[in-house]
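Bear in mind these aren't lab numbers, they're just calculated from the coordinates by the rules spelled out. Computed from a predicted model, the values in this text were never measured in an experiment. We place every Cβ from the backbone using ideal geometry, glycine too, and count neighbours over all the protein chains shown.
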Amino acid sequence: MSTTVETPPAAADAPARQVSAGVFSPGQLLESFPDALRKFHPRHQVRNPVMFVVWVGSLLVTAFAVGDPSTFTVTVAVWLWFTVLFANLAEAVAEGRGKAQADSLRRTKQDAVARRLRADGTEERVPGTELRVGDRVVVEAGEVVPGDGDVVEGIASVDESAITGESAPVVREAGGDRCAVTGGTTVLSDRVVVRISTKPGESFVDRMIALVEGAQRQKTPNEIALTILLSTLTVIFLLAVVALQPFAIFSGGEQSVLVLTALLVCLIPTTIGALLSAIGIAGMDRLVQRNVLATSGKAVEAAGDIDTLLLDKTGTITFGNRRATDFHPVDGADLAELAAAARLSSLADGTPEGRSVIDLCVERHGLPAEASEHEKTGEFVPFTAQTRMSGIDLDGRAVRKGAASGFALSAEASAIVDDIGNEGGTPLVVADGDRVLGVIRMSDVVKPGMAARFAELRAMGIRTVMVTGDNPLTARAIAAEAGVDDFLAEAKPEDKLALIRAEQEGGRLVAMTGDGTNDAPALARADVGVAMNTGTSAAKEAGNMVDLDSDPTKLIEVVEIGKQLLITRGALTTFSVANDLAKYFAILPAMFAAIYPQLGGLNVMRLATPESAILSAVVFNALIIVVLIPLALRGVRYRPSGASALLRRNLLVYGVGGIATPFLGIWLVDLLVRLIPGIG
Amino acid sequence: MWAGVAQAALLVVALAVVYRPFGDHMARVYQRTEHSAVERAIYQVVRVDPGTEQKWSTYALGVVGFSAVGVGFLYLLQRVQSWLPFDFGRGNVEPGTAFNTAISFVTNTNWQSYVPENTMGHSVQLVGLTVQNFVSAAVGLAVAMALVRGFVRVKTDRLGNFWVDLTRGTLRILLPVAFAFALVLLVTGVTMSFKSGVAVDGQTVAQAPTASQEAIKELGTNGGGVFNANSAHPFENPNAWSNLVELFLILVIPVSLTRTFGTMVGERRQGYVLLGVMGTLWTAVLALIWAAEASGVRPLEGKELRFGVAGSALFANTTTATSTGAVNSAHDSFSGLGGGGALLNMLFGEMTPGGVGTGLYSILVMAVIAMFLAGLMVGRTPEYLGKKLGRREVTAAALSILAMPTVLLVGAGIAAVLPSTPGALGNDGAHGLSEILYAYASASNNNGSAFAGLTATGDWFQASLGVCMALGRFVPIIAVLALAGSLAAQRRAPVTAGTLPTTGPLFAGLLGGAVVLVAALTFVPALALGPIAEAML
């Protein structure tokens, strides 16, 4: 799988969700063949205006070929049907990939028997499908959670690998932001009471299955607009071709229905028409591969439009825990003495902050990480809200570290403490008895590579705003280090909501991540709200995407997927239209060289005969669909850059490339086709 | 050759001189809030409250209603001509001709299926045709301004007041400039007379109030002459200087409107880039026509010696690229490629630089389509000038673009197979088809220039060309106003690094490419059997 989560081998036998790797194998074509055949039904075809025209055209040409059978007429008819078939195949392959995922999901949805609590506290056994919103069920170690809900009683470790693919169990407990459990996951230890929060058939897994299968796939706004443009082009070409017949009659060279239909099919944007729905399905699929679940394709598209990204500082931009990054000895103490004392004071301190002090001592000063036997005899003094310090009493020494307010500081020490605070760090003073030895600088460490990512986002035109509960001073320092464009300090949930409103008033689209119930209003208001899977049900309901890995930086990838989706559509449309030039050069001389021999000069590809020219154009037009299926599924390459650079590149590749490719392709097909007796 | 280059250079310099002041003047005309005493009087008489703005649908109703009344009035006027003064016994105009002419002048096409000096008296000319020369141009301007307001305004359903825009365009732009240049044309030798004609050597030479007509004929990109020979007639266009003045008048509004546009949207470069695209295509087709005519077998066939190859090519290119339709040479006698160039200008959809107002809104519609595709290719919901291009916008733009090819191809297609058609044509084969295509391109694009060679007085041509003119004018106008309505209702998206800039050469190339590509893809099959087959002989 191509996600950020690595699945250990131990999870291989668990019902882990299989995610296709995003590569395309020819075998998928064969597997999807029966589905592709089913899509020949007119009810299905009529949903795609471009391909419907091809379908009708194929019928017409078939009737013509039956009336006037020859190698040429029959071959053209067959290849027109192939055009429809290849379009069906593209869609079927895209859907097939989703179906495989849906099947493995469905396996997790074994209809669990639920232990429902009656009002009087006794239990009854009911099938999971009969649970209603508000029902309370008991789940114990080894049992499967029968439906989505919130833990209202107890604490348990839960294996969510069936949904997330992540094998490490997670803790779920009543109250707080880690209370949500998902139907289909397994409780590994302890006992919890879960209040069901979704109706049967609308659970998370159900929605996920519906999504990956594309059953409820609705066209997204940009897809609708593009379909209108493609229909317009189709109408224009229909007119151009239909009007050509009277002009041809006027010129003394009436054309057959077969030739006119072949011309029409070659001109209308079949390439993009055939691949359009596959591109949409595949875009959703790429999202699922990254363990992100969107409630609608519209949300994915909106992700590509985002102007402003709200990111929580903690856990997203920084590691979330303050880490010791420096020792500052004061009042004549030396660095080694300070480091030794800092280590002593932290030996028994199990907090991440305390561990980071030990780490720094090990890294910088070569001190041992583990306490010696002698050191273990010391007495640990835990942190209390009154003293605001912790440490160890050993051999009559009282070694302490803690907040500056708990110590009598010299002017030098005070200055350092203030400096560290101003620079966004947290100072921890270390003292041996009454003697202050120095200050530990605790800093919020920005994750590596964040500055580069924000620079990429800036190039894409996206402004990042860091949201933090820190004071403005600290926030400013971290914002500068991480390279975000702006920050919101001392933020309360309502401030987040206000910021989103303000951005949207200015016409900007806003994306954010969140997990708490507090975040729900902001998630609902944001144009793209990604809820963390570890979050509350309220947050998951409010957002329009859920990240199963609960990785807030994933938002950046979601934006890229949204953009890639639109770019793929635009690029293939351009390619499709650009192709028409070569087709004119192939077919027009074939049609009219008989009445105006000078038009033979347009036959720059030197195609053998009028029949081979027309057939070659039709064959190329059909084959290019198959050739481009992998591209449609994978999406065109997207590298974050400014709009002009992107457009220039895509115009070059798909515009200029779209003009050149068919000249070469039709010429090559003609070299083969001319060998067929009766055509060459 | 060098005289021709000098003429083109003078033309460009003259346009450059007036570009800023005139463009800004037009912006002020449509943005001001006060009304003059004359305007207030007019609003009182027609019972319009100039302070009330209209929704797009009301605005469109105004345009269509006003034009429909114009057609009815003009038709009646022609049909009762014999009872009007200055009719010189020319009698009531035939119903078919009257129908065709009424639509023709109201739609700013000015296709003339009649011989003016034998058909229209001075009353119909002055009270009917000339009035439409002014107001049909003002309608085009009004629609363009409504579209620009759609881009400029945010979260409103109001696009301005059609009656106010119409009045202002007529009184503050068209009338003063036409008046001044009528005098200039008189100085260059254009005639002005209310007589029906003068006797010279026993022949009667027709006379008319020419100079006043000529100024608005060119300024409003109308093109309907008072003489059959149009601007090839020595009374309408006596010499190279008058030729230059007329070219200037044709181009001055369409060209300066790009400045008006830039000023109104608050970024002048947005207008310059449109002008750049228009100018490049105008120059390219001029070079094509000029080269084709200069290297022709009989370069001066069909051309006035007063103007020569250069003056004729310049005029032919300008009149077909502006939906004017005035001619100073016989386009039918041009070489296959030269005539094809004139035809191509029309098939572009009249936007290089196009007619008064129509050129601006047509190229903006094309920009919407181009930016839609470009927007997808940079991975964002497409936008232009801060407005998103969604389903409604694309539908309106597509409808606007679809109208012209539809009526053109359907009309020309039927005409090509009618048994009566060969009798109406001057030629058969490829040139015959070019004549048919040219006539329908001219009508559907509201150009009005004639390839000649085609006798369009039969019932089929009178009726079908009339329908083409009406649909080719009003379907796009309604679609453009609908587009303006949905744009104005939006808020404006801010400019970020992800926004595709629309002021640089990349956008210019994209837009120019879209104009050429749409025309090429639509019309190449038809052109292959007409001009291309001729040119490749």
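As a proxy for reagent exposure, ranking A:LEU664, B:LEU159 by other Cβ atoms within 10 Å from fewest up yields A:LEU664, B:LEU159.
Computed across the range B:6-153, the Kirkwood radius stands at 18.0 Å (inverse of mean 1/r, all Cα pairs). For the range B:1-103, the set of trypsin sites (Lys or Arg not before Pro) satisfying both a DSSP loop assignment and a count of at most 16 other C-beta atoms within 10 Å is given as B:ARG32, B:ARG47, B:LYS55. In the protein assembly as shown the Cα-Cα distances spread across 10 Å bins starting at 0 as 2, 9, 15, 17, 16, 13, 10, 8, 5, 4, 2, 1, 0, 0 percent of all pairs. Divide by every residue of chain B the summed helix terms, -39500 (n - 2.57) for each DSSP H run of at least 4, and state the resulting mean residue ellipticity at 222 nm, rounded to the nearest 500 deg cm²/dmol. The per-residue figure over chain B is -21000 deg cm²/dmol. Per-residue shielding of A:631-644, expressed as the average number of other chain Cβ atoms within 10 Å of the residue Cβ, stands at 3.
Legend: residue pairs A:LYS199/A:LYS540; A:LYS39/A:LYS199; A:LYS298/A:LYS563; A:LYS496/B:LYS155, Cα-Cα distance threshold 21 Å; pairs beyond threshold, A:LYS39/A:LYS199; A:LYS496/B:LYS155. In plain terms, the bigger the Kirkwood radius, the slower the diffusion; for the range B:188-286, with that radius from Cα pairs, at 10 °C and 1.306 mPa s, Stokes-Einstein puts D at 102 µm²/s.
For the protein assembly as shown, the Cβ-based charge dipole about the Cα centre amounts to some 2840 debye (Lys, Arg positive; Asp, Glu negative; other atoms uncharged).
For the range B:384-537, the relative contact order works out to 35 percent when only alpha carbon pairs closer than 8 Å and six or more residues apart are counted. Counting charges near A:ARG649 (Lys, Arg +1; Asp, Glu -1) among other residues having Cβ under 14 Å from its Cβ returns a value of +4. Label zone of B:LEU300 (point 7 Å out along Cα→Cβ, amide N under 16 Å): in the range B:3-43 this covers B:3-4. Positive end of the dipole of the protein assembly as shown (Cβ unit charges, origin at the Cα centre): among A:THR468, B:GLY466, A:THR185, the Cα lying farthest that way belongs to B:GLY466.
Residue order for A:LEU287, A:LEU588, fewest other beta carbons within 10 angstrom first, comes to A:LEU588, A:LEU287. The relative contact order of the range A:235-388, computed from alpha carbon pairs under 8 Å that lie at least 6 residues apart in sequence, is 11 percent. 3J(HN,Hα) couplings calculated from phi for the range B:461-466 with the Karplus curve 6.51 cos²θ - 1.76 cosθ + 1.60 (θ = phi - 60°) are, in sequence order, 5, 4, 6, 5, 5, x Hz; Gly and Pro show x. Can you give the angle from 0 to 90° between the axis of helix A:49-67 and the longest principal axis of chain A, with both taken from C-alpha atoms, to the nearest 10? The angle comes out at about 30 degrees.
The convex hull defined by the C-alpha atoms of the range A:319-446 has an orientation-averaged projected area of 7.5 nm². Taken along its principal axes, the alpha carbon cloud of the range A:447-505 reaches lengths of 30, 27, 14 Å, longest axis first. Note on the protein assembly as shown: dipole from Cβ charges, positive end direction compared against B:ALA415, A:ASN579, A:ILE268; the farthest Cα belongs to B:ALA415. Adding -39500 (n - 2.57) for every DSSP H run of four residues or longer, then dividing by how many residues chain A holds, sets the calculated 222 nm ellipticity at -15500 deg cm²/dmol.
Peptides A:229-241, A:601-613, ordered by how many other C-beta atoms sit within 10 Å of their residues on average, highest first, read A:229-241, A:601-613. A cut-off of 5 Å between modelled amide H atoms, ignoring neighbours fewer than 5 places along the same chain, links A:VAL152 with A:VAL193, A:VAL194, A:ARG195. For the range B:2-256, the Cα gyration tensor yields ellipsoid semi-axes of 32, 25, 14 Å (square root of five times each eigenvalue, largest first, whole Å).
Measuring nothing but alpha carbons in chain B and taking Rh as the Kirkwood radius, the Rg to Rh ratio lands at 0.95.
Inter-chain Cβ neighbour count for B:411-421, averaged per residue, equals 3 (cutoff 10 Å, partner chain atoms only).
Remark: the range B:320-331, residue by residue, has Karplus-estimated 3J(HN,Hα) of 7, 7, 10, 6, 7, x, 5, 9, 10, 7, 8, 4 Hz, where x stands for each Gly or Pro and the curve is 6.51 cos²θ - 1.76 cosθ + 1.60 at θ = phi - 60°. Cross-link partners for A:LYS376 among the lysines, with Cα-Cα distance under 22 Å and sequence neighbours closer than 8 places in the same chain left out: A:LYS401. Diagonalising the gyration tensor over the Cα atoms of chain A and scaling each eigenvalue by 5 before taking the square root yields semi-axes of 64, 31, 20 Å, largest first.
In this structure, the amide hydrogen of B:THR322, modeled 1.01 Å from its nitrogen in the peptide plane, lies closer than 5 angstrom to those of B:GLY354, counting only residues at least 5 positions away or on a different chain. With a cut-off of 13 Å between beta carbons, the residues surrounding A:GLY121 carry a summed charge of 0, where Lys and Arg count +1 and Asp and Glu -1.
The packing ranking, built from the mean of other Cβ atoms within 10 Å per residue, places the peptides A:437-445, B:503-511 in the order A:437-445, B:503-511, highest first.
Ordered by the number of other Cβ atoms lying within 10 Å of each residue's own Cβ, fewest first, B:TRP460, B:TRP83 fall into the sequence B:TRP83, B:TRP460.
Beyond 23 Å, what percent of the Cα pairs of the range A:177-293 remain? Counting every Cα pair in the range A:177-293, those more than 23 Å apart make up 59 percent.
Under the convention that each Lys and Arg Cβ holds +1 and each Asp and Glu Cβ holds -1, the size of the dipole of the range A:468-549 around its Cα centre is about 180 debye.
Remark: the range A:621-634, residue by residue, has Karplus-estimated 3J(HN,Hα) of 4, 7, 5, 4, 5, 5, 4, 8, 4, x, 5, 5, 6, 7 Hz, where x stands for each Gly or Pro and the curve is 6.51 cos²θ - 1.76 cosθ + 1.60 at θ = phi - 60°.
The charge dipole of chain B, taken about its Cα centre with unit charges on the Cβ atoms of Lys, Arg (+1), Asp and Glu (-1) only, comes to about 2040 debye. Amide H to amide H, with H built 1.01 Å from N, A:ASP312 comes under 5 Å of A:VAL467, A:THR513, counting only residues 5 or more places away or on other chains.
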